Amino acid sequence: MAEPVIVVESLRDWRAAPPAARLVLADDYLADPAHADAGLHVINLCRSTRYQSLGYYCSLLAEARGQRVIPSVARLADLSRKLLYTSEIPAINEALSALDAGTWQALPDDCHIVLGRCRYPELEKVARRVFEQFAVPLINLELREAAGAMRVGRLRTLSLRQLDGAEADFLSEAMNAYLARGWKQPDRRPHARFDVAMLVDRDDPQPPSNEAALARFVAAGRELGLEVERITKRDLGRLAEFDALFIRETTRLNHHTYAFSRRAEQEGLVVIDDPTSILRCTNKVYLAELLTRHNVAAPRAAIFGDNEIERLPELLGFPMVLKAPEGAFSKGVFKADDINELREIAARLLDDSELALAQEFMPTAFDWRVGVLGGRALYVCQYMMAGGHWQVVDYNGADGISEGDSRTLAVADAPPEVVEIAITAAGLIRDGLYGVDIKQTTDGLRVIEINDNPSIDAGIEDAVAGEGLYREIMAEFLRRLEARTQGIA
């Protein structure tokens with residue numbers, strides 16, 4: 001049975017009787033290898049769980065370590081924007097509708113939900129419903145009157161420090177009850193049709209697929225009986241019309257691409273890129289921890305905050321590579337050649353995030369890129385470094401953005417060890433569509449990154465497989481749709 005631990009930023013934040021689980025400081029949880037055991041069940045009660053806060057990283061790294069954790073990073077992202085959880089409000093409103101007018105008019109405008117419990121007996125069923133749907137320990141539920149009934153106004157996460165003395169005692173009681181029963185994940189609904197929405201951004205200067213590739217996806221889908229329709233960010237409300245969502249727009253977490261992915265999953269659609277893959281792949285801190293935990297060869301790396309900057313030279317030497325937690329197409333990646341550059345770049349990165357990533361510098365003439373879908377290799381490319389630069393893309397060249405050349409190989413002709421390590425690394429994320437970047441050094445292969453939403457451009461990634469590449473990807477949508485139709489997980 002998993003050992004429960006309660007993560008807090010200060011022991012003073014817990015102001016009630018000692019709980020029936022160990023209290024662990026957030027700093028210790030992040031830094032001490034003793035807390036990396038996959039057998040932990042983490043209840044994250046940090047003061048802030050906003051994006052890239054200390055609490056955010058506690059949940060993120062718990063997931064990287066294979067631990068059960070509440071709240072999950074996906075649920076924190078959901079509650080950060082009403083757009084993301086709007087589709088779940090009707091179920092809560094249904095529970096509220098059971099209250100008669102005299103009851104709900106006597107209730108306050110908001111209430112605190114603590115591990116599925118509430119101090120107002122009239123709202124106990126509502127509190128359970130909110131917790132079953134979101135699995136967030138502390139939530140403030142704002143209520144409002146609309147059309148003669150009680151409705152959800154807003155949901156937001158709470159901090160321990162927002163609880164008064166009586167509520168702190170109530171939390172202690174609710175925590176002990178929760179630890180005795182655990183939590184249930186919300187059920188997912190089956191779905192079965194054959195229309196695919198392909199999310200694109202016509203104005204993106206560096207889209208993951210060029211116009212010719214998008215047209216070939218549409219044609220390949222039609223051959224297989226899938227009607228593929230291009231949609232844009234204005235079409236969120238139309239997702240229920242489709243059976244699957246294929247995101248061919250650069251994904252980010254605080255972005256409409258993630259909102260589309262979350263909504264599509266909630267609606268029961270087959271989704272590539274699924275929200276879990278977006279969460280895991282877009283954060284380089286998570287990836288570094290994940291690769292380390294599973295002993296996948298990668299560059300020497302150190303996750304750092306303000307207090308660790310000065311020890312990085314001893315760990316990694318110069319030059320070293322510094323990475324913002326989130327980035328794509330070589331953006332947010334910098335090289336520090338000395339201590340002054342290290343301090344300057346690190347300060348910029350830590351302005352936006354509590355943590356960032358440092359890696360040893362591994363100069364190579366090219367990066368391997370292996371496209372993987374559902375545990376199978378689709379294509380293998382060599383991406384050459386941009387001329388006179390140490391990355392594949394140079395954003396600061398004299399003539400603007402420049403990219404290196406590429407070479408595409410048949411999967412059967414690629415080094416087997418390159419394909420094998422790529423499939424292993426991708427399998428740590430999920431069974432979606434990934435581009436695994438690998439460096440080949442004198443010391444062996446090293447996985448640099450695992451990317452969701454990988455580039456698939458006509459003339460590059462399809463240079464060997466041709467139309468077959470698009471058919472294979474769309475055939476995977478068909479396979480998943482048919483499996484869902486037949487009730488197969």
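Test ARG12 against the stated conditions and say whether it is in a loop (DSSP other than H, G, I, E, B) and not assigned by the TED database to the domain that holds ALA177.
no
Say we look at region 11-26 and pick out the residues that are of a type outside the set (A, V, I, L, M) and in contact (Cβ under 8 Å) with a residue 24 or more places away in the chain; which of these is farthest from ALA62 (Cα to Cα)?
If we take residues in region 11-26 being of a type outside the set (A, V, I, L, M) and in contact (Cβ under 8 Å) with a residue 24 or more places away in the chain, then ARG15 is farthest from ALA62 (Cα to Cα).
I'd like to know if region 67-85 contains one or more residues that are within 14 Å of ARG151 (Cα to Cα) and either in a helix (DSSP H, G or I) or modelled with pLDDT of 90 or more (or both).
No, that holds for no residue.
So which residues in region 431-461 are open to solvent by less than 10 Å² (accessible area, probe 1.4 Å), touching a Gly at 6+ places or on another chain (Cβ under 6 Å) and either outside the structural domain of VAL419 (by the TED database) or assigned to a loop (DSSP other than H, G, I, E, B) (or both)?
Residue satisfying the conditions is PRO454 alone.
If only one of LEU115, LEU123 is crowded, with 22+ Cβ neighbours inside 10 Å, under 22 Å from GLY55 (Cα atoms) and of a type outside the set (D, E, K, R), which one is it?
LEU115
Quick check on my filter: what residues within region 61-76 are open to solvent by 10 Å² or more (accessible area, probe 1.4 Å) and either closer than 26 Å to GLU167 by Cα or among the basic types (Lys, Arg) (or both)?
Residues satisfying the conditions are ARG68, VAL69, SER72, ARG75, LEU76.
I'm told ALA220 meets every condition in (1) among the aliphatic types (A, V, I, L, M); (2) within 24 Å of THR485 (Cβ to Cβ); (3) within 21 Å of the chain's Cα centre (by Cα); (4) part of a helix (DSSP H, G or I) except one. Can you identify the failing condition by its number?
Single failed check for ALA220: (3).
So which helices (runs of 4 or more DSSP H) stay within region 251-340 end to end and still have 1 or more residues that are of a type in the set (Phe, Trp, Tyr) and under 21 Å from the mean Cα position of the chain (by Cα)?
256-266, 284-293
Given GLU173, GLU211, GLU167, which one is modelled with pLDDT of 90 or more, among the acidic types (Asp, Glu), farther than 29 Å from HIS255 by Cβ and open to solvent by 80 Å² or more (accessible area, probe 1.4 Å)?
The unique qualifying residue is GLU173.
Just need a number here: residues in region 275-306 that are within 30 Å of TYR85 (Cα to Cα) and either among the small types (Gly, Ala, Ser) or open to solvent by less than 20 Å² (accessible area, probe 1.4 Å) (or both).
13
Scan region 462-474 for residues that are under 17 Å from VAL200 (Cβ atoms) and over 25 Å from the mean Cα position of the chain (by Cα) and report the count.
Total satisfying the criteria: 1.
Mind checking which residues of region 19-40 are open to solvent by 50 Å² or more (accessible area, probe 1.4 Å) and part of a strand (DSSP E or B)?
ARG22, LEU23, LEU25
Of the conditions (1) modelled with pLDDT of 95 or more; (2) open to solvent by less than 50 Å² (accessible area, probe 1.4 Å), MET362 satisfies every one except a single condition; which number is it?
(1)
Can you run down the residue pairs with Cβ atoms below 8 Å, 6 or more apart or on separate chains, where the first is in region 92-109 and in the same structural domain as LYS125 (by the TED database) and the partner is basic (Lys, Arg)?
The qualifying pairs are ILE92/ARG129; ASN93/ARG151; ALA95/LYS125; ALA95/ARG129; LEU96/ARG151; ALA98/LYS125; ASP109/ARG144.
Can you pull out every residue in region 427-443 that is closer than 14 Å to THR282 by Cβ, touching a Ser or Thr at 6+ places or on another chain (Cβ under 6 Å) and not small (Gly, Ala, Ser)?
Scanning region 427-443 gives ILE429, ARG430.
Could you run through region 126-140 and say how many residues are without any contact (Cβ under 8 Å) to a residue 40 or more places away in the chain and open to solvent by less than 60 Å² (accessible area, probe 1.4 Å)?
Total meeting the criteria: 4.
One residue is enough: does region 221-236 have a residue meeting the conditions on the phi > 0 side of the Ramachandran plot, open to solvent by 10 Å² or more (accessible area, probe 1.4 Å) and not assigned by the TED database to the domain that holds LEU322?
Yes, region 221-236 has at least one match.
Among what's in region 41-53 and is within 16 Å of LEU279 (Cα to Cα) and either touching a residue at least 40 places away in the same chain (Cβ under 8 Å) or among the hydroxyl-bearing types (Ser, Thr, Tyr) (or both), pick the residue that is surrounded by the fewest Cβ atoms within 10 Å (Cβ to Cβ).
Among those residues, the one meeting the criterion is TYR51.
In the list ILE309, ILE272, which residue meets the criterion of being β-branched (Val, Ile, Thr) and either modelled with pLDDT under 90 or buried (at least 23 other Cβ atoms within 10 Å of the Cβ) (or both)?
ILE272
Could you tell me which residue of region 147-180 is farthest from the chain's Cα centre (by Cα), considering only residues that are more than 22 Å from LEU99 (Cβ to Cβ) and assigned to a loop (DSSP other than H, G, I, E, B)?
The selected residue is ASP164.
Does ILE401 satisfy the condition of being in a strand (DSSP E or B) and surrounded by fewer than 19 Cβ atoms within 10 Å (Cβ to Cβ)?
Yes, satisfied.
Based on this model, can you work out whether TYR56 counts as surrounded by 14 or more Cβ atoms within 10 Å (Cβ to Cβ), touching a Lys or Arg at 6+ places or on another chain (Cβ under 8 Å) and among the aromatic types (Phe, Trp, Tyr)?
yes
The values are calculated or read from the model by the stated rules, or taken from the named source; none is laboratory data. The structure displayed is predicted, hence computed values, not measured ones. Because the Cβ atoms are built from the backbone with ideal geometry, glycine has one as well, and the counts that use them run over all protein chains shown. We work out accessible area using only protein heavy atoms, side chains counted, and drop any ligands, DNA or RNA first. Shrake-Rupley method; radii C 1.70, N 1.55, O 1.52, S 1.80 Å.
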